[in-house]
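Structure first, commentary second.
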Amino acid sequence: LKVGLVTVLTGSTFLKTGCGKSFTALRMGELIDEDFGIHKVAFFPREFLQILDAIEESGKPGQVVILDEGEISAPATLWYSFTNKAIHYTLSTFRYLRSMAIIVTPSFSWIDKRIRTLTSHWGYTEKEYYPDKGNKIRVKLRLYRIKTDLFGEKIFFEKLRMYDQNKKGLVVFNEFIVNLPSEELREEFLKKDKKFKADLRKELVREIEKF
């Protein structure tokens, strides 16, 4: 990577959850970052910033950090919170690391507007089921490059293009078929994800009991 990139992965227009977002992010991490593992997956702002510190200390470009459930760490409704500002400040200055931050969230509009403005790529995943093939599941990723106006108010989406030497012209990518991440990484992620959600529910119960 020549510069730091911020990519947001969301659900499709039909299905927001359970459509392969997290596993797609994990697979992207494995393909891009040769040292990628569960230690580069964060669910909390502090954890996310600590991983970026480790990336900077290593001095190695081309690394990937994932912030899953991004709508909880940097929700659009809490734009004034310090954690939102901390993530925004970090992403606005991390491009020199030449790495990629992937934020996973059900909907693009659920994360802080300032972070949306910093996003370089946005993609959404879709699951396809094949009952005639033993209920086989295939995940498709539609990935777009993001551009904004000079004020960052309007967002435009552009399909990825690449020059093909054989065809002597630009090739437009409509979608990508995404394979599963490694079994070991899937198991580690599911364990970490389960703990995060259990801890989140406990924290919410404590907050509710205050009223």
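For the chain, give the share of DSSP beta bridges that are antiparallel, in percent and rounded to the nearest 5; count only bridges with both residues there.
Values: 23 of 38 bridges.
In the chain, approximately 60 percent of DSSP beta bridges are antiparallel ones.
How much accessible area per residue does the chain have, in Å², with a 1.4 Å probe?
Values: 12720 Å² over 211 residues.
About 60 Å² of surface per residue is accessible.
Order the peptides 122-128, 204-210, 78-84, 22-28 from the highest to the lowest mean number of other Cβ atoms within 10 Å of their residues. Before the final figure, lay out the partial values.
Details: 122-128: 18.9, 204-210: 8.1, 78-84: 14.1, 22-28: 23.9.
The packing order, highest mean first, is 22-28, 122-128, 78-84, 204-210.
On a 1.4 Å probe surface of the protein chains, which of T117, T10, T93, T77 comes out largest in accessible area, and what is the full order? Before the final figure, lay out each step's value.
Numbers: T117 55, T10 5, T93 85, T77 110 Å².
Correct descending sequence by accessible area is T77, T93, T117, T10.
Across segment 99-108, in residue order, what do the Karplus-derived ³J(HN,Hα) couplings come to in whole Hz, using 6.51 cos²θ - 1.76 cosθ + 1.60 with θ = phi - 60° and x for Gly and Pro?
10, 10, 9, 10, 10, 9, 7, x, 9, 4
Whenever you get a sec, compute what percent of the accessible area on the chain sits on carbon and sulfur atoms (1.4 Å probe).
Values: 7260 of 12720 Å².
Percent of accessible area from carbon and sulfur atoms in the chain: 57.
What is the chain by shape, rounded, prolate or oblate, if you read a ≥ b ≥ c off the alpha carbon gyration tensor as root eigenvalues and call it rounded for a/c under 1.5, prolate for a/b larger than b/c, and oblate otherwise? Numbers along the way, then the final one.
Working: a/c = 1.44, a/b = 1.17, b/c = 1.23.
Note, shape of the chain comes out rounded.
Excluding K159 itself, what net charge comes from residues whose Cβ is under 9 Å from its Cβ, given Lys and Arg +1 and Asp and Glu -1?
On the way: positive: R142, R145, R161; negative: E158.
Once all neighbours under 9 Å are counted, the net charge is +2.
Quick one: grab the alpha carbon gyration tensor of segment 17-115, order the square roots of its eigenvalues as a ≥ b ≥ c, and give me rounded if a/c is under 1.5, else prolate or oblate depending on whether a/b is larger than b/c. Let's see the in-between values first.
Values: a/c = 2.07, a/b = 1.21, b/c = 1.71.
The shape class here is oblate.
Rounded to the nearest Å, what's the spacing between the alpha carbon centres of segment 23-91 and segment 108-131? Just the number, please.
First find each Cα centre; the distance between them is then 15 Å.
Once you have the Cα-Cα distance between T13 and R186, take 0.36 nm times their residue separation minus that, and quote the gain in nm to one decimal. The partial results should precede the final answer.
Details: separation 173, 0.36 × 173 = 62.28 nm, distance 2.53 nm.
Value of the extension gain: 59.8 nm.
I want the local charge near C19. Using Cβ-Cβ distances under 9 Å, sum +1 for each Lys or Arg and -1 for each Asp or Glu among the other residues. Mind showing how you got there, number by number?
Details: positive: K16, K21, K127; negative: E126.
In short, +2.
Roughly how big is segment 128-207's charge dipole about its Cα centre, with Cβ charges of +1 (Lys, Arg) and -1 (Asp, Glu), in debye to the nearest 20? The partial results should precede the final answer.
Working: 21 positive and 15 negative charges, 24 e Å.
The dipole of segment 128-207 has a size of about 120 debye.
The values are calculated or read from the model by the stated rules, or taken from the named source; none is laboratory data. What you are looking at is a predicted structure, and each value in this text was computed from that prediction instead of being measured. When we count neighbours, we look across all protein chains shown, and the Cβ atoms used for this are built from the backbone with ideal geometry, even at glycine. Only protein heavy atoms, including side chains, enter the accessible area calculation; ligands, DNA and RNA are left aside. Shrake-Rupley method; radii C 1.70, N 1.55, O 1.52, S 1.80 Å.
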